[in-house]
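The values are calculated or read from the model by the stated rules, or taken from the named source; none is laboratory data. All values derive from a computational prediction rather than experimental measurement. Neighbour counts are summed over all protein chains in view; Cβ atoms, including those assigned to glycine, are modelled from backbone coordinates with ideal geometry.
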Amino acid sequence: MRGFWDGLVSALGEAVGQVLGGLIGWGSIILLLLLLFFIIYFAMKKLTGQQASRPALFDVLGNIQANIKIEQQQPQVVTLGQAAIGQAEELQRQGKDLDMICRLVHPAYSQWGSLHQQVFRSAMEAALKAQREVAR
């Protein structure tokens, strides 16, 4: 039986290869055969009136539920005076990284969440850059 299928695929490959100038390889032929099989399968299902069944994976994935908790808090305003900005500039001149500067300038920084820290770091970076430009 295997010889029959090998011969059929070989003949099909030669015919398609001659038509397309040898551009199609074995992988493409197998892909085309699979595509043809699925088209025939779903056409037969539709013609016989049977509804195509969904794979079990879709049944499992269809029952997944997500619980998302959203908290809304009051905005938190942090103000830094000139003394804090001056301290940050001095720490930057000493070669401290921005994260360390933020920790030393505002003690509550280490207890904040990562997003809150990222926003504060960005604001600190912008303040230091603005201070450098004013000093020029």
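Descriptive notes on the structure:
- Selected residue (only one of LEU115, LEU36 is out of contact with any helix residue (DSSP H, G or I) (no Cβ under 7 Å at 6 or more places or on another chain), under 30 Å from SER10 (Cβ atoms) and modelled with pLDDT of 80 or more): LEU36
- Some residue of the stretch 50-60 being part of a helix (DSSP H, G or I), in the same structural domain as SER10 (by TED's automatic domain parsing), aromatic (Phe, Trp, Tyr) and modelled with pLDDT under 80: no
- Taking the criterion of being in contact with a Phe, Trp or Tyr (Cβ under 9 Å, 6 or more places away or on another chain), modelled with pLDDT of 90 or more and either assigned to a loop (DSSP other than H, G, I, E, B) or of a type in the set (Val, Ile, Thr) (or both), the only residue of the stretch 73-111 that qualifies is HIS106.
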